[in-house]
Amino acid sequence: MSRAFSMSVLLVVAAMSAVQPAGAETFGQIMDEFAESARSTPGFQGFSAANGEQFFKATHGNDWSCASCHTENPASSGKHAKTSKLIKPMAPLVNPERFTDPAKVEKWFKRNCNDVLERACTAQEKGDVLTYLLTINK
Amino acid sequence: MSIDFGSALRMFAAVVLLGGVMSVAQADDDEHEGGRRSVATNAAWQAECGECHVAFPPRLLPAASWREMMAGLDKHFGTDASLEAPVAQEIGAFLEQHASRRKIDPAAKPLLRISETRWFVREHDEVPQRVWKNPLVKSPSNCAACHTEAESGDYRERNIRMPK
């Protein structure tokens, strides 16, 4: 990850912590765990919002992408592709409840990666997606 | 202190007992499926099942159906809805405790879709095809499309509004 980029992520986390101390702290912890886990893969170069965006919007072997339910804009509400139930925005700057509960994050990555990729996501993929989501504010 | 420990304990016991009696009364509700008295609740059931769809009332399916449903959450009608074991066990126990008590053929494969039960089909036989096909309805599992108070467990006729 470029130094400028890691700096901007830090700044956003710092900005969140001004408003939502608990949320930002948990978000940071979740990201730290993904980074810790991804570092064990050779060639790990940090997380990338661009890769996260591409991952979020692409299909991965079946009909669904993350965007199928969450829409192409993570600042918008989405709806469940099968049941049409409302899904609140994924971007933490729009919906500060996001990524404040590590167990919930784990539960949903497990389910949704199985649905979209038919496998578990790597720490790199999860870290990229969260890095991308953190850049979205409208 | 004006209330001693003994009387506080008795009050607590009375409240617990009353709660138990009320939950038994709520569960004994086979005659009124889909009606007003659909109030058996559990916080984990509401939170987890209600995350993707209305948390369907437990008495709409027999215990054998709920058991099979909870055993196959990783392949739940085409999506992975898996839960950690402790919360799955709590929800499973709640669903079975308040399940329908209608007699079912023990040899038959348990129904998993509420919309395939005879009760559901009969209750909805007057709903026109165009309503089912309306994009705002989309699926018979979308109770809240017409049952405006479904989120709170209220399926009474007076609160039905079919989308035009």
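In the set A:97, A:118, A:53, A:106, which member is more than 21 Å from residue A:135 (Cβ to Cβ) and in contact (Cβ under 8 Å) with a residue 40 or more places away in the chain?
Just a single option satisfies the conditions, and that option is A:118.
I'm trying to understand the selection: among the residues of segment A:67-79, which are within 14 Å of chain B (Cβ to nearest Cβ) and either hydroxyl-bearing (Ser, Thr, Tyr) or buried (at least 17 other Cβ atoms within 10 Å of the Cβ) (or both)?
Selection gives A:68, A:69, A:70, A:78.
Of all residues in segment B:51-72, which are within 9 Å of chain A (Cβ to nearest Cβ) and in contact (Cβ under 8 Å) with a residue 12 or more places away in the chain?
Selection gives B:52, B:53, B:54.
Evaluate the following for residue B:47: is it farther than 30 Å from residue A:117 by Cβ, surrounded by fewer than 14 Cβ atoms within 10 Å (Cβ to Cβ) and among the small types (Gly, Ala, Ser)?
Spelling it out, it is not the case that residue B:47 is farther than 30 Å from residue A:117 by Cβ, surrounded by fewer than 14 Cβ atoms within 10 Å (Cβ to Cβ) and among the small types (Gly, Ala, Ser).
Going by the conditions given, is residue A:64 free of Cβ contacts under 8 Å to residues at least 24 places away in the same chain, open to solvent by 30 Å² or more (accessible area, probe 1.4 Å), of a type in the set (Phe, Trp, Tyr) and out of contact with any Cys (no Cβ under 9 Å at 6 or more places or on another chain)?
no
With a cut-off of at least 2 residues that are aliphatic (A, V, I, L, M), name the helices (runs of 4 or more DSSP H) lying wholly within segment B:85-164.
Counting at least 2 such residues, we get B:85-97.
Determine which single condition residue B:52 fails, assuming it passes every other condition in (1) outside any loop (DSSP other than H, G, I, E, B); (2) within 27 Å of residue A:87 (Cβ to Cβ).
Failing condition for residue B:52: (1).
Where in segment A:1-69 are there helices (runs of 4 or more DSSP H), lying wholly inside it, with at least 3 residues that are more than 30 Å from residue A:82 (Cα to Cα), within 17 Å of the chain's Cα centre (by Cα) and at pLDDT 90 or above?
Once the helices (runs of 4 or more DSSP H) in segment A:1-69 are filtered for at least 3 residues that are more than 30 Å from residue A:82 (Cα to Cα), within 17 Å of the chain's Cα centre (by Cα) and at pLDDT 90 or above, what remains is A:21-38.
Residue B:85 passes all but one of (1) of a type in the set (A, V, I, L, M, F, W, C); (2) over 23 Å from residue A:86 (Cα atoms); (3) under 12 Å from the mean Cα position of the chain (by Cα); (4) within 14 Å of chain A (Cβ to nearest Cβ); which number fails?
Only one criterion in (1) of a type in the set (A, V, I, L, M, F, W, C); (2) over 23 Å from residue A:86 (Cα atoms); (3) under 12 Å from the mean Cα position of the chain (by Cα); (4) within 14 Å of chain A (Cβ to nearest Cβ) is unmet by residue B:85, namely (3).
Of the numbered conditions (1) assigned to a helix (DSSP H, G or I); (2) in contact with a helix residue (DSSP H, G or I) (Cβ under 9 Å, 6 or more places away or on another chain); (3) open to solvent by 20 Å² or more (accessible area, probe 1.4 Å); (4) over 21 Å from residue A:59 (Cβ atoms), residue A:93 satisfies every one except a single condition; which is it?
With (1) assigned to a helix (DSSP H, G or I); (2) in contact with a helix residue (DSSP H, G or I) (Cβ under 9 Å, 6 or more places away or on another chain); (3) open to solvent by 20 Å² or more (accessible area, probe 1.4 Å); (4) over 21 Å from residue A:59 (Cβ atoms) applied to residue A:93, the lone miss is (1).
Limited to segment A:101-133, what total is found for residues that are away from chain B (no Cβ under 14 Å) and crowded, with 18+ Cβ neighbours inside 10 Å?
Of the residues in that region, 11 qualify.
The values are calculated or read from the model by the stated rules, or taken from the named source; none is laboratory data. As the structure is a computational prediction, the values presented were derived from the model and not from experiment. All Cβ positions, glycine included, derive from the backbone under ideal geometry; neighbour counts span all protein chains shown. Surface areas here come from the heavy atoms of the whole protein model, side chains and all, with no ligands, DNA or RNA. Shrake-Rupley method; radii C 1.70, N 1.55, O 1.52, S 1.80 Å.
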